[in-house]
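Single-structure report; data block below.
The values are calculated or read from the model by the stated rules, or taken from the named source; none is laboratory data. Since the model is a prediction, treat every value here as computed from it, not as a measurement. Cβ coordinates were reconstructed from backbone atoms using ideal geometry, including for glycine residues, and neighbour counts include every protein chain displayed. These accessible areas exclude ligands, DNA and RNA; they are computed on the full protein's heavy atoms, side chains included. Shrake-Rupley method; radii C 1.70, N 1.55, O 1.52, S 1.80 Å.
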Amino acid sequence: MNNFQYKKEITVTTALEAVNSNENAAFIAGGTNIIDLWKYNITNPELLVDINGIDELRTIQELEDGGVRLGALVKNAATAYHPVIEKKYPLLSKAILAGASAQIRNMATDGGNLLQRTRCYYFYDPDVPCNKRVPGSGCPALNGRNRMHAILGNSEHCIAVFPSDMCVALAALEAVVNVMGPNGSRSIPFAEFHRLPGDMPHLDNTLQQDEMITSIDLPSNHLYKHYTYLKLRDRHSYAFALVSVAAAFEMDGNEIKKARIALGGVAHKPWRNTEAEEFLKGKTATADNFLIAAENVLFGAQGRGENDFKIPLARRAIVRACMMALNPETQRPGAGPSL
Ligand code: SF4
């Protein structure tokens, strides 16, 4: 680890000024990813700007329109167990609690969750090429170990997946990311926040270098009765998703009034297909209709060898999650229709 400077700031304005005073500066909040990246020599900031003292970013606030604003520095665990989130957005609580470990959820912040980097094995090994770490150096995962890698939205430059569980629920809930920069604030629809790799896989998202996430807005909805977050992984705790599905519905009897389906573990960003959701609108909630929706979601999916199994796994996971969402009682481990 190289020498570095450390500053603690207690306002958004001074934190932005500090981080923009050095092109090799970085913010630190929970630190649950940046410290790993630093130890592995993936990042080496000269200036670390600690934003944990900015109290205004530490609140969960109900909005006049019925939505909720999550401050960027609210801890993941505090969000998951907040009574308003449990009541209005239980899908988000369930997704957060499926991620990481209790210790990490107690440290990690909501803003930081959006900014975590891929867990591609090659990305964390500075001795091998990686287009995400060193643009233009190559992607050994394309023909190498790619069991955890993407099946949707890939490019020939990168097939990494975005590892968050929380963000899969935020995609389904159509959250909005509020950011602040030297030129003021702006709001980014969640679907536009994370990027597909294209020919610039070193860019994970559309946040500018000189900007900071200040909050995440959850729009008012009625997706709190019929929902689930199904995460399929190699072990039951502290493992990243092979495939995960956030599914939520507004129902009128057995008719679907509104459907939201997002996938994790399959792409460089949380994957949502609005055509599949539109297909389900007005349809009867049956496994056959969910299977057609699943085929829509997975249109164009492509494996690279070790990860071929993810395509049929995702298809079955979508159907299973949708069936489970209709009856939250079936969400206990091991319950629900078989895969
Ligand atoms: Fe790097 Fe992406 Fe290839 Fe992994 S998949 S080695 S992150 S370029």
Just give me the residues in region 124-176 being β-branched (Val, Ile, Thr), open to solvent by 10 Å² or more (accessible area, probe 1.4 Å) and within 12 Å of the ligand (Cβ to nearest atom), in sequence order.
Val128, Val134, Val161
If a residue must be crowded, with 19+ Cβ neighbours inside 10 Å, in contact with a helix residue (DSSP H, G or I) (Cβ under 9 Å, 6 or more places away or on another chain) and within 29 Å of Ser21 (Cβ to Cβ), how many such residues does region 177-194 contain?
4
So how many residues does region 97-123 have that are assigned to a helix (DSSP H, G or I) and open to solvent by 10 Å² or more (accessible area, probe 1.4 Å)?
10
Output the qualifying pairs, or none if there are none: Cβ atoms under 8 angstrom, residues six or more apart or on different chains, first residue in region 21-46 and in a helix (DSSP H, G or I), second residue open to solvent by 50 Å² or more (accessible area, probe 1.4 Å).
Leu37/Arg117; Trp38/Met1; Lys39/Met1
Out of (1) over 26 Å from the mean Cα position of the chain (by Cα); (2) within 28 Å of His149 (Cα to Cα); (3) among the acidic types (Asp, Glu), what's the single condition that is false for Glu278?
(1)
How do the pairs read when you match residues in region 195-223 that are within 26 Å of Thr79 (Cα to Cα) and open to solvent by less than 50 Å² (accessible area, probe 1.4 Å) with residues anywhere that are assigned to a strand (DSSP E or B) and among the basic types (Lys, Arg), using Cβ under 6 Å and keeping only pairs 6 or more apart or on different chains?
Ser215/Arg69; Asp217/Arg69
Please pick out the residue among Ala248, Ala241, Ala285 that is within 30 Å of Asp65 (Cβ to Cβ), surrounded by 23 or more Cβ atoms within 10 Å (Cβ to Cβ) and either touching a strand residue (DSSP E or B) at 6+ places or on another chain (Cβ under 8 Å) or not assigned by TED's automatic domain parsing to the domain that holds Ala314 (or both).
Ala248
Any chance region 83-93 includes a residue that's assigned to a loop (DSSP other than H, G, I, E, B), acidic (Asp, Glu) and open to solvent by 60 Å² or more (accessible area, probe 1.4 Å)?
no
Give the residue, chosen from Ala294, Ala314, Ala267, that is in a loop (DSSP other than H, G, I, E, B) and open to solvent by less than 10 Å² (accessible area, probe 1.4 Å).
Ala267
